[in-house]
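Q: I have a structure I would like to understand better, so I am pasting it below and will then ask my questions one at a time.
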Amino acid sequence: MADLPLAGIRICDLTWVIAGPTATRVLADFGAEVIRVEHGQAADPIRFGRPILSGKPTLNNSGFFNYFNRNKKSILLNVRHPLGMELLHRLIAVSDVVIENFSSGVLDSWELSYEAQKAINPAIIYCSVSGFGHTGRDKHFTTWGPTAQALSGLTMMSGLPGKPPAGWGYSYMDHTAGYYSAIAVMMALHHRNKTGEGQHIDISQVEAGMALTGPAVLDYTVNGRSFRREGMPTGNRAWEPAIAPHNTYRCAGDDRWIAVACRNDAEWGAMVRAMGEPAWAGARFETLVGRLEYQDELDTRIGEWTATRDDYAVMAALQAAGVPAGVCQGPSDRVERDEQFRARGWWTSMPHAELGPEAGIDGVTPRLARTPGTNRTASPLLGEHTLDVMTGLLGMTGDEFAEYTEMGVFM
């Protein structure tokens, strides 16, 4: 633990659902002591979602929650109780970072703005993650990952030509905002190490999404072209730079697909040889200009070749020839068939009080050679560490803890 890069950093974690817990998961993986502050009567909604084990969902067997909250502690604290808020102040006083992903204004209503937190702990780093940020006309609007994605422009840029926008998957911007937040916290810690100064980090999910729309914004501002026009979006085809083939192709079996990308004429030549130099792969496809001009026919021909072949066999043949290709894996493929994950020890297990002695969990990324992150503990049971944190970190006596429990502070 002492060798982990964030060992000694304590985080008061007021986050919920996905965006904030994504950030604190990254920080916890690399050694930060992350203390989740929870309220049993208003539990994090993802504690109720998608139980790993069949049967009745509990507050501790959610696959969602267990994925996002490994390596963390959980305390119960009723901040609506004056003594609960006092204890939260004490926790902030001994923390390095406070992270929350409520709507803008929630912590202000708790009288815990950055200025208030700084009065408690002058060196505190306060990271707030919200849809629009804490300033501006729309700061009080509420969002969810998919709505932030839409407002940023990413949803409009997605999908197939001639079809409605499709989106980028479940809560894409919640995850992305979490990664931005983890990076921002580490930069703020670096700044504090040099200057002794804490600061407020204001993350807007919409702005984080807009950072990914650069080519479309540039195309409009320079060329006056709307992103959605004939042929755009391109679906699986590449448009900047335009290369072909660049698509997914059906393989033998039920809903089996492979993605292939040839970035230049040399890779296309290698693919032709891997396919056994079929007669159709002649002069018209030798150059990129021809492959782009006849891309529909090219995709059809490649699809006919892949359709009768096993997806993993196609990937092996193309990769052996030096052609970028990858099976479109489903969950069972990644767990049961992916030899690369197995070779790198990606899937591990840790004991969990409800999920059993070998609850499965994924690995830590990125991999640092000298100070790698680790899976140390499974996700916490609701309030599992309340007694330890209160009596150990905050110095309460056993009698005080019992008294506060009786008064409804720990609930």
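We did not get these values from a lab; they are worked out from the coordinates using the rules stated. Here the structure is a predicted model, which means the values were calculated and not measured. Virtual Cβ from ideal backbone geometry, glycine too; neighbours counted across all protein chains shown.
Q: From the phi of every residue in the stretch 208-219, what ³J(HN,Hα) in whole Hz does the Karplus formula 6.51 cos²θ - 1.76 cosθ + 1.60 yield, where θ is phi - 60° and glycine or proline is x?
A: With the stated coefficients, the stretch 208-219 comes to 4, x, 4, 5, 9, 9, x, x, 5, 5, 5, 4 Hz.
Q: Separate question: Can you list, bin by bin at 5 Å, the percent of alpha carbon pairs in the stretch 181-320, starting at 0?
A: 2, 8, 14, 15, 12, 9, 9, 9, 8, 6, 4, 3, 1, 0
Q: Output needed for the chain: three equivalent-ellipsoid semi-axes, defined as square roots of 5 times the C-alpha gyration tensor eigenvalues, in descending order, whole Å.
A: The answer is 47, 26, 19 Å, longest axis first.
Q: For the chain, find the longest principal axis of its Cα atoms and tell me its angle to the long axis of helix 172-195, 0 to 90°, nearest 10.
A: 60 degrees
Q: Based on the Cα gyration tensor of the stretch 164-252, what are the three equivalent ellipsoid semi-axes, each the root of five times an eigenvalue, rounded to whole Å and given largest first? Walk me through the numbers on the way to the answer.
A: Working: eigenvalues 256, 64, 33 Å².
Taking √(5λ) for each eigenvalue gives 36, 18, 13 Å, largest first.
Q: Okay, moving on. Ranked highest first by the average count of other Cβ atoms within 10 Å around their residues, in what order do 246-252, 37-43, 190-196, 95-101 fall?
A: Per-residue Cβ counts within 10 Å, averaged per peptide and sorted highest first, yield 95-101, 246-252, 37-43, 190-196.
Q: Go through the stretch 16-29 residue by residue and turn each phi into a ³J(HN,Hα) via Karplus (6.51, -1.76, 1.60, θ = phi - 60°); whole Hz please, and just put x for glycine and proline.
A: Each residue's phi maps through the Karplus curve to give 8, 6, 10, 4, x, x, 4, 4, 6, 5, 4, 5, 5, 4 Hz.
Q: Still on this structure, please answer the following. Just to be sure I understand: if I project the alpha-carbon convex hull of the stretch 246-339 onto a plane and average over all orientations, what area do I get in nm²?
A: Here the figure is 5.8 nm², rounded to one decimal.
Q: Test of understanding: express the Cα radius of gyration of the stretch 28-106 as a ratio to 2.2 N^0.38 Å, with N the residue count. List each step's numbers first, then the result.
A: Numbers: Rg = 14.2 Å, N = 79, 2.2 N^0.38 = 11.6 Å.
My calculation over the Cα atoms of the stretch 28-106 gives 1.23.
Q: Then there's this: Send over the per residue convex hull volume for the stretch 263-410, Cα only, as a whole number of Å³.
A: Convex hull of Cα atoms, per residue: 220 Å³.
Q: Return the Cα extents of the stretch 111-165 along principal axes one, two and three, sorted largest first, each rounded to a whole Å.
A: Answer, in whole Å and largest first: 56, 21, 14 Å.
Q: Also, I was wondering about something else. What percent do you get for the relative contact order of the stretch 246-339 when only Cα pairs under 8 Å and 6+ apart count?
A: 40 percent
Q: Through the Karplus equation 6.51 cos²θ - 1.76 cosθ + 1.60, θ set to phi - 60°, convert the phi angles of the stretch 59-69 into ³J(HN,Hα) values in whole Hz; use x for Gly and Pro.
A: In residue order, the calculated couplings are 6, 10, 10, 6, x, 4, 4, 5, 5, 8, 10 Hz.
Q: Another question about this same structure. So, in Å, what gap is there between the alpha-carbon centers of the stretch 226-287 and the stretch 151-167?
A: Taking the Cα centre of the stretch 151-167 as reference, the centre of the stretch 226-287 is 22 Å away.
Q: Once amide H atoms are placed 1.01 Å from N in the peptide plane, what residues at a sequence separation of 5 or more from GLN199, or on another chain, have their amide H within under 5 Å of its amide H?
A: Here ILE125, TYR126 satisfy the definition.
Q: Peptides 77-84, 389-396: what's the order by average Cβ count within 10 Å, highest mean first?
A: Going by the mean number of other Cβ atoms within 10 Å, highest first, we get 77-84, 389-396.
Q: Roughly speaking, what % of Cα-Cα pairs in the stretch 1-146 are separated by over 20 Å, rounded to a whole number?
A: 51 percent
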